[in-house]
Amino acid sequence: MDPAITEQVLTRYARGDSLDRIRDDLGLTFYCVRKIVRDAGVLRDRNGRSPAAQSGHVAPEFPGLKEYPPDPTELLDFLETAAEQHQKWDTAQREVPVVIATDQPIAVAFRGDWHAGNKNTLYKLLRRDNAIIRDTAGLYTAELGDFCDAFIKPTMQDGAQEALVPVKIQRHYVWASYREYLQGKVLGDVTGQHDHWASQMAAFDPVEWLSHDFKIPYLRHGGTIHLQVGEQQYEIAVRHKARGTSQWNPTHSNIRTLYFDRHYDVVAHADKHIFGIQEVEHEGKHSILVRPGSYKPYDNFSDSHDFGESQPTIPVIIFWPDRHEMQCIRGIEVAADIVSRLRDGGRP
Ligand SMILES: [Fe+2]
Ligand SMILES: [Fe+2]
């Protein structure tokens, strides 16, 4: 049968035309019209009932059926308000101005990877460095994450076996170190993946709380510190993990940031536990690229990957307030000595 005729028949039948009327209008036989309607499963009986009604089937009715609200405005407003609240209750920032009003040179130690809690961590050295920072005028730090070892992931139980104390006490160690040694010293905090596991597993960000407690800018995974020292402005990029890390070249990710992002005076990345300093001039501007070592020289994980032992060597950069000048020093002790000698009234 021609599909166009079939469609005409069914359309007319659906609107209530009788089989005889359709037969006459379209010039078909009665049997042909009835076959088309019957094959389509819509043939009504003499009383005009549909096939479903003829079988005695009754379609259900749902007087209490819930429907979506016809007007979505409330939902849209609700999410907009919730997002605004979320922003207000999140203290992390990607950029932060830091002002040190001084006419003296200052020094900033770029540290990371304390790994408090692990049995191999060099606690005496970490405490000594913290004391040097506390006792040296003009010496500051940027803390780049992995404060605690905090092996809380079920897939990392060999790390948990190396814990001297529970994660909660590891966090107290860091908090107490900040209170005893680092008040007024830290220019910015960054989280490491060891810290971030708590965010993943328990929706709790220990570094955000640490930073909030001590009124320190929190840059989460990384960001930019616009550091003003006296009259001079220094652009400092800090991250824990960064794209382009290399086990052969400790400042490879730093120089990629410089080439692919924009000019920074300093690019500081942590995480790999391998100390590195590189100075470059890129597009006519001087930059210092640094990566700190770790206070945890090794653990089962690094041993199993043949990473060898790392050293707790910290890069420290001296910034001048009256001219755009930076010098990088290897190690906190000698940097403290140098910055003290550079400052008026400091050591001769
Ligand atoms: Fe680390
Ligand atoms: Fe890390």
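All of the numbers you see were taken from the coordinates with simple rules; none came from a lab. Bear in mind that the values here come from a model prediction, so they are computed numbers and not experimental data. Cβ: placed from backbone, ideal geometry, glycine included. Neighbour counts: every protein chain shown.
Using bins of 20 Å that start at zero, the share of Cα-Cα pairs per bin across the chain amounts to 25, 37, 10, 12, 14, 2, in whole %. Sequentially through segment 283-300, phi angles give Karplus couplings (6.51, -1.76, 1.60; θ = phi - 60°) of 6, x, 10, 7, 9, 10, 10, 9, 9, x, x, 10, 6, 10, x, 6, 8, 4 Hz, Gly and Pro residues having no value and appearing as x. Considering only the Cα atoms of segment 203-336, their convex hull presents on average a projected area of 9.9 nm².
Each of ASP71, ASP189, ASP39 was scored by other Cβ atoms within 10 Å of its Cβ. Listed from fewest to most, they are ASP71, ASP39, ASP189.
Return one quarter of the surface area of the convex hull spanned by the alpha-carbon atoms of segment 154-213, equal to its mean projected area, in nm². Spell out each step's value before the answer.
Values: hull surface 18.5 nm².
Mean projected area of the Cα convex hull: 4.6 nm².
Given axes a ≥ b ≥ c from the Cα gyration tensor, I'd like to know whether segment 3-54 is rounded (a/c under 1.5), prolate (a/b larger than b/c) or oblate. Prolate, because a/c is 1.5 or more and a/b exceeds b/c. If you find the alpha carbon centre of segment 233-281 and of segment 49-82, how far apart are they in angstrom? After rounding, the separation between the Cα centres reads 58 Å.
With the cut-off at 1.5 for a/c, could you classify segment 259-348 from its C-alpha gyration tensor as rounded, prolate or oblate? Judged from the Cα gyration tensor, segment 259-348 comes out oblate (a/c at least 1.5, b/c at or above a/b). Cross-link list LYS153/LYS215; LYS185/LYS215; LYS88/LYS215; LYS185/LYS285; LYS124/LYS153; LYS241/LYS272: which exceed 20 angstrom alpha carbon to alpha carbon? Long pairs (Cα-Cα over 20 Å): LYS153/LYS215; LYS185/LYS285; LYS124/LYS153. Neighbour counting of Cβ atoms within 10 Å sorts the residues LEU164, LEU182, fewest neighbours leading, into LEU164, LEU182. The distance from the alpha carbon centre of segment 132-188 to that of segment 5-23 is 83 Å, rounded to a whole number. Among LEU122, LEU76, LEU139, the residue with the largest mean-square fluctuation in a Gaussian network model of the chain, with springs joining Cα atoms closer than 10 Å, is LEU76.
Is segment 63-177 best put as rounded, prolate or oblate by its Cα gyration tensor, with a ≥ b ≥ c the root eigenvalues, rounded for a/c under 1.5, and otherwise prolate when a/b is larger than b/c, oblate when not? Display every interim value, and only then the final one.
Details: a/c = 4.73, a/b = 1.64, b/c = 2.88.
Verdict is oblate for segment 63-177.
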